Every structure is written in structure tokens, then in C-alpha cells.
1. Residues being open to solvent by less than 10 Å² (accessible area, probe 1.4 Å) and either free of Cβ contacts under 8 Å to residues at least 12 places away in the same chain or aromatic (Phe, Trp, Tyr) (or both): count how many of those fall in the range 158-198.
2. When you go through (1) under 17 Å from the mean Cα position of the chain (by Cα); (2) at pLDDT 95 or above; (3) among the hydroxyl-bearing types (Ser, Thr, Tyr); (4) open to solvent by 10 Å² or more (accessible area, probe 1.4 Å) one by one for residue 251, which number turns out not to apply?
3. Return the residue satisfying two criteria in turn: it lies in the range 74-92 and is in contact (Cβ under 8 Å) with a residue 60 or more places away in the chain and out of contact with any helix residue (DSSP H, G or I) (no Cβ under 6 Å at 6 or more places or on another chain), and of such residues it is farthest from residue 192 (Cα to Cα).
4. Taking the range 38-61 only, how many residues are touching a residue at least 40 places away in the same chain (Cβ under 8 Å), out of contact with any Lys or Arg (no Cβ under 8 Å at 6 or more places or on another chain) and not aliphatic (A, V, I, L, M)?
5. Quick one: would you say residue 366 is among the aliphatic types (A, V, I, L, M), surrounded by fewer than 14 Cβ atoms within 10 Å (Cβ to Cβ) and more than 18 Å from residue 186 (Cβ to Cβ)?
6. Could you count how many residues in the range 200-232 are on the phi > 0 side of the Ramachandran plot and touching a helix residue (DSSP H, G or I) at 6+ places or on another chain (Cβ under 9 Å)?
7. Report yes if residue 341 is modelled with pLDDT of 95 or more, surrounded by fewer than 17 Cβ atoms within 10 Å (Cβ to Cβ), within 30 Å of residue 389 (Cα to Cα) and not β-branched (Val, Ile, Thr), otherwise no.
Amino acid sequence: MTNLLPNFLAGRLQTGSGPGTPLFDPVLGTELARVSSAGHDLAEGFAFAREQGGSALRAMGYAQRAEMLNAIVQVLQANRDSYYAIATANSGTTTKDSAVDIDGGIFTLGYYAKQGAALGDARLLLDGERIRMAKDPLFQTQHVMSPTRGVALFINAFNFPSWGLWEKAAPALLSGVPVIIKPATATAWLTQRMVMDVIDAKILPPGALSVICGSSAGLMDQLQAFDVVSFTGSAETARIIRSHPAVAERSVRCNIEADSLNSALLDPAASADSESFQLLVNEVAREMTVKSGQKCTAIRRVFVPRALYDAAAQAIGAKLAKISVGNPRVETVRMGALVSREQFDSVQAGIAQLRSEAEVLHDGSAVALVDADPAVAACVAPTLLGCREPSKARVLHQVEVFGPVATLMAYDSAEEAYALIRRGEGSLVTSLYSADPVFIAQATQELASSHGRVHAVSPDIAALHSGHGNVMPMSLHGGPGRAGGGEELGGLRALNFYHRRSAVQASTVALDQLATQAARLVY
């Protein structure tokens with residue numbers, strides 16, 4: 001039997017009991033490893049992280065913690081080749097798609113290392129300017145941010161086992177808060193290996209970083225008032241977390257990123273031969289196929305003027321027809337697999353559900369796989385659906401299919417397009433395609449309140465923009481409503497989740513002394 005991957009909890013390696021849950025190669029169907037969290041003393045592990053890891057981290061200043069992030073970057077870079085091999089085997093991704101996850105995580109760590117270095121040896125953050133509280137200016141108030149004296153529990157999704165870890169852990173560790181990561185089981189191997197490499201390098205103090213692979217049973221029960229929990233995954237699981245006594249009764253701070261029906265909008269003034277039209281076509285095709293469409297930020301709904309519906313369908317379909325799908329180990333393969341046969345079944349069921357309200361514009365079901373058995377491999381070729389009357393649809397605005405699937409939709413006016421986009425009830429990102437800055441400004445004003453990010457693509461930045469679905473650490477990641485209502489990243493804004501804000505009302509003499517131990521928080 002394949003050995004169980006060890007967990008790291010309470011400052012030591014621990015192997016779960018029982019046979020464990022197998023991890024598979026989603027292309028070959030072979031078992032790779034097993035994971036188990038059974039039999040662990042979770043209370044001991046959380047207490048160790050909270051007391052040992054937290055105390056050691058808070059004893060350092062921001063710059064010293066930033067140096068540790070830099071050291072983690074060096075360790076991860078030195079082991080990149082092994083991470084790519086794991087991603088290919090366990091996530092079924094091509095080298096290019098693996099880079100989005102692996103190098104994206106390393107880049108985010110490096111970004112926060114630089115941001116933290118600029119904060120110096122401070123132990124606190126000053127939030128805003130002082131405010132007078134009396135006629136005599138001697139008595140004032142200063143808001144401060146101090147690291148929470150708890151642990152950060154991360155319950156992560158299967159699609160980004162590297163980036164999903166480090167985009168959360170970087171600001172947490174920089175803030176002085178110890179991390180316990182529970183990766184999604186299907187792709188837990190990469191997360192586990194990265195954490196173990198960092199542990200083996202002895203960069204962090206004991207208890208600062210722990211990993212538990214396997215079942216999440218009992219994890220939420222360990223949370224106390226000053227802990228925080230961050231979850232990425234389904235809306236159904238998010239509801240369970242929000243209703244847990246840790247959150248509902250003990251007021252544990254909770255961040256959720258859930259389902260998101262992200263959209264792309266083409267300017268109503270665009271033409272089929274305009275650069276904006278081509279930019280939209282390129283981005284839709286790319287977003288549908290990167291990581292086999294398994295990105296929480298991927299484009300799911302594409303809105304174009306009615307007159308351009310057929311042209312857009314043909315242009316996007318032509319690009320998708322060139323995408324080779326199959327074994328990512330084959331150099332000519334452009335798109336690998338979904339992470340599991342379970343996800344394969346879910347995507348197939350989702351496509352069938354969407355087809356109840358949409359026509360098929362590009363059918364991926366007949367695409368021949370490259371060096372992969374369709375009865376075994378979790379490969380789904382890109383599928384473009386279409387709806388000429390999206391105002392009459394319901395399912396298309398409610399169901400996210402987490403795979404290489406998008407729906408083209410026709411609109412008759414900008415106002416109708418805005419209303420249709422808002423029917424997604426809150427998303428992580430919407431992207432705009434226009435050469436007109438006036439339209440971009442107007443659309444942003446209409447759509448920003450229902451999206452965590454507005455990504456405007458105009459011809460002048462065609463070669464510069466970071467992409468609809470790429471989450472950059474200097475910009476906010478999260479979204480209202482259906483998307484979970486959470487916020488991550490956004491530069492130093494990410495530190496807010498791991499700090500507690502307090503108002504200090506005192507003499508300016510005392511506030512001057514406090515300022516010697518603090519750095520001013522500038523977003």
C-alpha cells in the first residue's frame with residue numbers, strides 16, 4: 001500500500017491512522033499517495049501553534065518576519081522542479097498551467113516580503129491620522145492595528161494547492177499569526193510537500209506553520225475567539241462554516257470565497273473587426289482553457305452586442321478548436337485534466353444543466369484526447385454555449401460549471417448588459433473590453449459594487465494587462481454576494497484580516513511614545 005503522507009502538527013511529524021484517502025493521477029488513474037488526519041490530537045496542535053508559534057512570531061518585527069518570507073521564497077525556488085512533477089501527476093496540469101499555481105504562489109510570497117521590509121522593526125501599525133478629542137489638542141485618538149493573538153486556519157480548494165496556500169500564508173505570517181493549512185484532499189500532495197520543505201529548512205519558529213491533510217472533521221471545533229478562519233470552496237460548505245458555533249457564537253473572524261459567475265463585457269460600440277473584439281475573443285478562449293477552466297476567477301458568462309453574437313461565437317469557437325486536450329506530459333497538449341473523475345462527472349452534469357437554457361456553439365464532447373483513455377482520464381474539452389435571450393434564462397445566471405465552459409450571451413443595450421451581469425448576484429471579477437475610456441468609466445461605476453475586481457482591457461494596454469483571471473497580490477481578491485463576501489490580498493490591506501483595530505485615546509505624549517513602536521499603514 002502507498003505510504004500515508006505525514007502531517008505536521010504540534011511541532012512534529014505525525015501520520016494519521018487508518019488506511020487513509022487515496023490521491024490519484026487524474027489522467028492515468030493510478031494511485032499516488034494517501035492522506036489521513038484521523039487520530040491526531042487537534043487541541044494540542046492548535047494550542048501549540050497559538051502559544052508557541054504565535055508568541056515567537058509576535059516577538060519579531062515586520063521586517064524580520066519579511067526576511068523569513070524571503071527565505072521561504074528561496075527554498076521553494078530551489079525545489080520548483082519537484083513541484084512541477086507533483087502538479088503534473090496529481091493535478092493533471094500542463095507545465096504552463098502549473099506555473100500559474102506554483103510560480104504565482106512564489107511571486108506572492110516575494111511581494112509580501114518586500115512590503116513587509118518597508119514596515120521596519122515595528123510591532124504595531126498606525127491606521128490613519130490622529131484625531132483631536134477635546135478643545136485642547138493634548139487629548140487625541142489614534143487607531144492602531146495589532147496582530148491577533150490566535151491562529152489562522154486555512155481550508156483550501158483543490159484548484160490551487162500552491163498559490164492558495166501562499167496567498168493566505170504570506171500576509172498571515174507577515175502579520176505575526178501562525179498558520180494551520182488544511183488543503184483540499186484531491187490535490188493535497190503539493191501543499192504538503194511545500195510545507196515540509198519549509199519546515200525542513202528551519203526557517204520559521206516551531207508552531208508557525210502546520211499542515212493537516214485528510215478530513216477536516218474537528219478543525220472548526222478548535223477555534224477560539226481570537227483565531228481566524230479562511231475558506232475557499234463551495235457555497236454549500238461556506239454555509240456550514242458560517243453556521244458553526246466558532247463563527248456564530250464565538251465570533252471567530254471568517255473569510256469566505258465561494259462560487260462566482262464572472263463575466264466579460266464587450267463595448268456596445270465595438271465592431272467585429274475592432275481590436276476590442278479580438279481582445280475579448282482571445283481572453284475568453286484563454287480563460288476557458290487555463291487550468292482546464294478550474295479557476296474561481298475564470299470567465300463564465302460572455303456578453304456581446306446582439307449584432308456580434310454570431311461573429312463572437314465563430315471566433316471563440318475557432319480558437320477553442322485548436323486546443324489539444326489530454327496527457328499533460330505530451331509536449332503538444334495545451335490543456336490537461338480536471339483534478340478527478342468526481343470533478344469530471346460534476347462538469348458533465350453541469351453542462352447538461354446549462355444546455356437546458358443554451359445552445360451548443362462549440363462542442364467539446366467529440367474531441368479526441370491525446371495519449372489519454374477517455375474512460376479513465378478526467379479530461380473535458382472546452383465547451384462554448386450560447387443564449388440569444390439571456391433575460392429569459394435562470395440557470396445560466398445561477399449555476400457555475402467549474403471547468404472549461406462558458407456561455408455567450410447577446411444584449412441590446414449597455415443598461416441591459418449591466419442588469420444581466422448583476423444577476424450573477426456578486427462575483428470575483430468582471431472584465432470590460434473597449435477603446436472608449438468614457439464607456440469603461442461608466443461600466444465601472446455600474447458594476448464595481450457587485451464585483452471584487454473590475455479588469456478593463458483597452459487596446460493601449462493590450463500587451464500590458466495581467467489578464468482577467470490572474471489574481472495579483474497588489475489588487476483585491478474576493479467578491480460580494482454569491483462570491484462569498486470575502487476580501488484577500490489588495491497589498492497591505494491583506495494584513496487587516498490578521499490584525500485587530502483599536503482606538504487609543506490618550507495624551508499626545510503617550511501617543512508619541514506608542515508611535516516609536518509602530519509603522520504607519522499606507523495602502
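The values are calculated or read from the model by the stated rules, or taken from the named source; none is laboratory data. Given the structure is predicted, the values throughout are model-derived calculations rather than measurements. Here the Cβ is made from the backbone with ideal geometry for all residues, glycine too, and neighbour counts use every protein chain on show. Accessible surface is based on the protein model in full, side chains and every heavy atom, while ligands, DNA and RNA are left aside. Shrake-Rupley method; radii C 1.70, N 1.55, O 1.52, S 1.80 Å.
1. 1
2. All conditions pass for residue 251, except number (1).
3. 92
4. 7
5. On the way: among the aliphatic types (A, V, I, L, M): yes; surrounded by fewer than 14 Cβ atoms within 10 Å (Cβ to Cβ): yes; more than 18 Å from residue 186 (Cβ to Cβ): yes.
In short, yes.
6. 3
7. Details: modelled with pLDDT of 95 or more: yes; surrounded by fewer than 17 Cβ atoms within 10 Å (Cβ to Cβ): yes; within 30 Å of residue 389 (Cα to Cα): no; not β-branched (Val, Ile, Thr): yes.
Answer is no for this residue.
For (1) within 20 Å of residue 316 (Cα to Cα); (2) assigned to a strand (DSSP E or B); (3) polar (S, T, N, Q), each residue gets a yes or a no:
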position	(1), (2), (3)
400	yes, no, no
419	no, no, no
431	yes, yes, yes
440	no, no, no
496	no, no, yes
